[in-house]
Structure formats: structure tokens, C-alpha cells
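What follows is one structure encoded as C-alpha cells, with my remarks underneath.
The values are calculated or read from the model by the stated rules, or taken from the named source; none is laboratory data. Quantities reported herein were computed from a predicted structural model and do not represent experimental measurements. Virtual Cβ from ideal backbone geometry, glycine too; neighbours counted across all protein chains shown. Only protein heavy atoms, including side chains, enter the accessible area calculation; ligands, DNA and RNA are left aside. Shrake-Rupley method; radii C 1.70, N 1.55, O 1.52, S 1.80 Å.
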Amino acid sequence: MESDIENNRIGEDIPRIALSNGEKIPVVGLGTFGSDNYNANQIAGAVDFAVRNGYRHIDCASVYMNESEIGNTISELIIEGVVNRQDLWITSKVWNDAHDKVIESCKKSLKDLQLDYLDLYLVHWPFPNYHAPGCDGDARNPDSRPYNHDAYMETWRQMEQLVEMGLVKSIGTSNMTIPKMELLLKDAKIKPVVNEMEIHPHFQQPELFNYLVGKNIQPIGYSPIGSPKRPERDRTEDDTVDIEDPVIVKIAERLKLHPAEVCIKWGVQRGEVVIPFSVSPVKIVNNLKAVSGEPISSEEMKQIAGIDKNCRLIKGQVFLWEGAKGWEDLWDLDGKITN
Ligand SMILES: NC(=O)c1ccc[n+]([C@@H]2O[C@H](COP(=O)([O-])OP(=O)(O)OC[C@H]3O[C@@H](n4cnc5c(N)ncnc54)[C@H](OP(=O)(O)O)[C@@H]3O)[C@@H](O)[C@H]2O)c1
């Protein structure tokens, strides 16, 4: 992918946040889930372009099925001298079908990514339930089970081992709820330093966000723009569109930004790490630039706090077990773990 926007290069300026273990994570990372829209080579091309234009944080996962292409890109960037390994922040995640073989799965990601350590490794979902890639929203795996804390702790023990083995610098969770996190914090030897979770202006999750901050666990916001190109299986009639919200549009007009960039700026100003996805050079650069320049005013921050619609987009219904009432069962909405 060729750049005609070299002048926008930001270099090493991207701010970092210190995690509870002292590691410093860049506040913007490039998402790499191409959904049904982009193939692995296109995404590896986006990684190449992003790193050449200042990104230092890449959010990967084995289930995105593009780690070996991204690994080739990272390796070439390092050999070419564009970036040093120690300046990059590379995240990967263990998929739901590998909760009983975390170390093996991490080693496979390391091999594919051509790295000897990961900066961050996450348990992608707190359930060992999985489905075929690209399946529709009604697909159910008959082996799916509700959350089981003993089983999760067996998975977490392997995560802790990865730190002890030096294969991973930091470990964290994704798609957790407060009741599940309470149990993990009680039993973990090495506590999670982040939780990756859906966050955008129409789904701010204030209770979980404030809980995590209070426990010194950094929220990483996924789908920060409201995932406008998410797969059909993740769409329902009631979903709302963040980048069309009049409050976001008005702030975008004042700051001369795209509404998507306002969503990113808002997330970082709120104290999140954000991981927007794009393969478009202009959008990739603009998403990084969005965190600098004139901030959203405190009055505008209050207005955005007022447009939360509690609109979860990534409901996770394909992970449901037999007997579950609906996707809400994955999210412990009444404050207790549903099983
Ligand atoms: N932990 C988890 O369970 C989990 C779940 C979901 C996602 N994630 C991670 O989070 C990342 C981001 O989430 P996401 O891809 O769902 O959603 P997103 O980042 O909210 O939205 C991505 C889409 O927004 C559009 N976009 C990006 N920048 C834009 C800009 N400046 N102006 C206008 N449109 C823009 C892109 O369109 P174009 O395609 O046209 O460029 C892209 O397809 C994923 O790639 C993945 O790494 C993690």
C-alpha cells in the first residue's frame, strides 16, 4: 500500500498509558479483524502502512486468521529498520476453542507473528464456546456451556505461566463483566492489567468502565467507531449509529474532523485505549491524528455522556448454550453470573 500522505507522519509521538505492571501501552492501536470485508493480505498491508505512519500498537487475535501475514509484515518492517521490536506493542488473544491449550495457542501466535514475546495476551471471551468462522447469527455449538469459574481459572493459570515463561509481558481479559472480574481478582496470582471491551458513544458501559479504573485495570475500547462494517450476524434492527448522532456530528463540524475521529478522540480523552480498524490509508492516519489537536471541550464531553443508548452491537449470541434465554445471558445484566 502506497502513502501519498507522508506529511501526516506522526512518528513516535503517540501517547502511552502506564499499566498497573509498569508496561506502557500506546493509546491508539490498529484493529485487525477484517470481518467479512477484507482478506489477510489487505490487513497486513494496513499494518505495514500504519507502522510506517506512526502506529506502534497492533491488536491481533488468532481467530482473525491473519497473524502469519501480519507476522511477515512486522518482520519486514523490523529488518528494514522502520521500527524496533521494543517500540512495538503487539497484542494477541487465545480463542474460545483453545482454553485448555493456552500455551500451545500462544506459541502458535508467536510463530505466526514471528515474535519471541507478546506485549499483551488476552482471553478473548470468558467462555470456551466457539463457532465456525463466518457462521450466521443463529448458529449454535451444542457443546457450548455457561461460564464456569473453575474452568476459567484453569485457563488463567496457563496465562500466568506464559508470563513466568517470558513469552508474554502482560495478560488481560476481554468481554468480562463485573461479577466475573470479581471472581478472577479474588483468585488470580497475576491480575489482569487490561480488559478489552466494546465501547463507543452509544455504548459507554460506565459502570464496568468505572469499576475497572477503580481496580487499576485499563479499559481497551473495541469497535470505538461503532463498527459500521460489522458482519450481518452482529446487526439487529434496534442498533443505532454513533457516527450519525447529531451531538457527534456537531462536534465533528466544530473540530473539522470526521465523526469517526470524534469517537476516537472521545475514547482517549475519557481515559481509554482505542483500537479502530481500517485498511484505508487516509482513515488510518486520521484516526491516529485524532488524538492530538484541539480537544473535545468539557461541555461537549458532558453532551456525549448524555447520548449513551446502552446499544451493545457485539452481542455474542453465537456463544450461547442450550437453555440460554438470549444474548443478555452472556453479560450478567442482573449483577449475577448467569448459568
Ligand atoms: N476483543 C474482542 O472481542 C473484539 C471484538 C470486536 C473487535 N475487536 C477489535 O477491535 C477492532 C476495531 O473494531 P471494529 O473493526 O469492530 O470497529 P470500528 O473500529 O469501530 O469500525 C471499523 C470501521 O470503521 C470505519 N472507519 C475507520 N476509521 C474511519 C474514519 N476515520 N472515518 C470513517 N470511517 C472509518 C472503517 O471503514 P472502512 O472499512 O471503509 O475503512 C471500518 O470498517 C477490531 O478490528 C479488532 O481488532 C475486538
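Of all residues in segment 83-106, none are among the acidic types (Asp, Glu), open to solvent by less than 30 Å² (accessible area, probe 1.4 Å), closer than 26 Å to Val285 by Cα and more than 14 Å from the ligand (Cβ to nearest atom).
Screening segment 286-299 for residues that are free of Cβ contacts under 8 Å to residues at least 12 places away in the same chain and in a helix (DSSP H, G or I) and picking the one that is farthest from the chain's Cα centre (by Cα) gives Glu299.
The criterion of being surrounded by 14 or more Cβ atoms within 10 Å (Cβ to Cβ) and within 8 Å of the ligand (Cβ to nearest atom) does not hold for Tyr211. Pairs are defined by a Cβ separation below 8 Å, a sequence spacing of at least 6 or placement on different chains, a first member in segment 12-28 that is farther than 14 Å from Ile220 by Cα, and a second member that is part of a helix (DSSP H, G or I) and of a type in the set (D, E, K, R); the pairs so defined are Glu12/Asp87. Does at least one position in segment 151-170 carry a residue that is more than 15 Å from the ligand (Cβ to nearest atom), surrounded by 15 or more Cβ atoms within 10 Å (Cβ to Cβ) and in a loop (DSSP other than H, G, I, E, B)? Looking through segment 151-170, at least one residue is more than 15 Å from the ligand (Cβ to nearest atom), surrounded by 15 or more Cβ atoms within 10 Å (Cβ to Cβ) and in a loop (DSSP other than H, G, I, E, B). For segment 133-140, check the following and say yes or no: at least one residue is open to solvent by 70 Å² or more (accessible area, probe 1.4 Å) and modelled with pLDDT of 95 or more. No, the conditions are met nowhere in segment 133-140.
The residues of segment 47-82 that are touching a helix residue (DSSP H, G or I) at 6+ places or on another chain (Cβ under 8 Å), open to solvent by 10 Å² or more (accessible area, probe 1.4 Å) and small (Gly, Ala, Ser), listed by number, are Ser62, Ser68.
Scanning segment 107-119 for residues that are part of a helix (DSSP H, G or I) and either crowded, with 16+ Cβ neighbours inside 10 Å or aromatic (Phe, Trp, Tyr) (or both) yields a count of 5.
A quick yes/no check of all residues on (1) in a loop (DSSP other than H, G, I, E, B); (2) open to solvent by 30 Å² or more (accessible area, probe 1.4 Å); (3) over 26 Å from Phe49 (Cβ atoms); (4) away from the ligand (no atom under 14 Å from the Cβ):
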{"site": "Lys250", "(1), (2), (3), (4)": "no, yes, yes, yes"}
{"site": "Arg254", "(1), (2), (3), (4)": "no, yes, yes, yes"}
{"site": "Leu257", "(1), (2), (3), (4)": "yes, yes, no, no"}
{"site": "Glu261", "(1), (2), (3), (4)": "no, no, no, no"}
{"site": "Ser278", "(1), (2), (3), (4)": "yes, no, no, no"}
{"site": "Met301", "(1), (2), (3), (4)": "no, yes, yes, yes"}
{"site": "Arg312", "(1), (2), (3), (4)": "yes, no, yes, no"}
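Screening Glu237 on (1) in contact (Cβ under 8 Å) with a residue 24 or more places away in the chain; (2) out of contact with any strand residue (DSSP E or B) (no Cβ under 8 Å at 6 or more places or on another chain); (3) part of a loop (DSSP other than H, G, I, E, B); (4) more than 12 Å from the ligand (Cβ to nearest atom) shows it passes everything except condition (1).
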